[in-house]
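In what follows, a single structure is set out as structure tokens and then discussed.
The values are calculated or read from the model by the stated rules, or taken from the named source; none is laboratory data. As the structure is a prediction and not an experimental result, all values here were calculated from the model. Cβ placement follows ideal geometry from the backbone for every residue including glycine, while neighbour counts extend to all protein chains displayed.
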């Protein structure tokens, strides 16, 4: 065993004060997911396991550890919206993560205004620089390497409409740094922001 590496096998545990997995796979975009139940009550919740998975057609997805209200709503209605979380909206995003009853509207809980969508009935966060309306393509319960079901569901949706605040379009290009996007990192509550200083360009070979 090399003295320069701290190595462990998952079956024996990591032996550290905090599991490093989420700190290594980081920072991660935040899946700020809006859904509605069949009674029309809105749900808004952030998920740290989120990303884009396809370009044409555009497909985004998030994983929910536990069959939470978001998954239940989306399975019932086939629709959801994603909104970009920013530094200015960080406190509201965090507030929307509270574990509350399904009858509680997290938009109202977090003090956020809703903006109506065009192709789905689910609203999105009005203050967010960018939001996407999605129709579900797949909901998959994950399995481990032994084929045993995990208590985690991957929700994938095709983007059918996009909303961008015009202030964040510079010559037709979305200003990622200007939007002040935030991403989830490791630890009990670590986040990172996107800044213009961290940007660099690398052309494809």
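Those residues that are crowded, with 23+ Cβ neighbours inside 10 Å and farther than 17 Å from residue 27 by Cα, I need them from region 74-88; list them, please.
Of everything in region 74-88, those that are crowded, with 23+ Cβ neighbours inside 10 Å and farther than 17 Å from residue 27 by Cα turn out to be 74, 80, 81, 82, 83.
Among (1) farther than 18 Å from residue 61 by Cα; (2) surrounded by 16 or more Cβ atoms within 10 Å (Cβ to Cβ); (3) in contact with a helix residue (DSSP H, G or I) (Cβ under 8 Å, 6 or more places away or on another chain), there is one condition residue 130 misses while meeting the rest; what is its number?
Evaluating residue 130 over (1) farther than 18 Å from residue 61 by Cα; (2) surrounded by 16 or more Cβ atoms within 10 Å (Cβ to Cβ); (3) in contact with a helix residue (DSSP H, G or I) (Cβ under 8 Å, 6 or more places away or on another chain) leaves (1) as the failure.
Within the bounds of region 150-167, is there any residue that is on the phi > 0 side of the Ramachandran plot and free of Cβ contacts under 8 Å to residues at least 12 places away in the same chain?
No: region 150-167 contains no residue that is on the phi > 0 side of the Ramachandran plot and free of Cβ contacts under 8 Å to residues at least 12 places away in the same chain.
Restricting to region 16-37, name every residue that is exposed (fewer than 11 other Cβ atoms within 10 Å of the Cβ) and either under 22 Å from the mean Cα position of the chain (by Cα) or at pLDDT 95 or above (or both).
Result: 24, single match.
Name the one entry in 93, 132 that is in a strand (DSSP E or B) and closer than 22 Å to residue 194 by Cα.
None of the other options fit; the residue is 132.
Could you check, for region 161-175, whether at least one of its residues is at pLDDT 95 or above, more than 24 Å from residue 87 (Cβ to Cβ), touching a strand residue (DSSP E or B) at 6+ places or on another chain (Cβ under 8 Å) and not in a loop (DSSP other than H, G, I, E, B)?
yes
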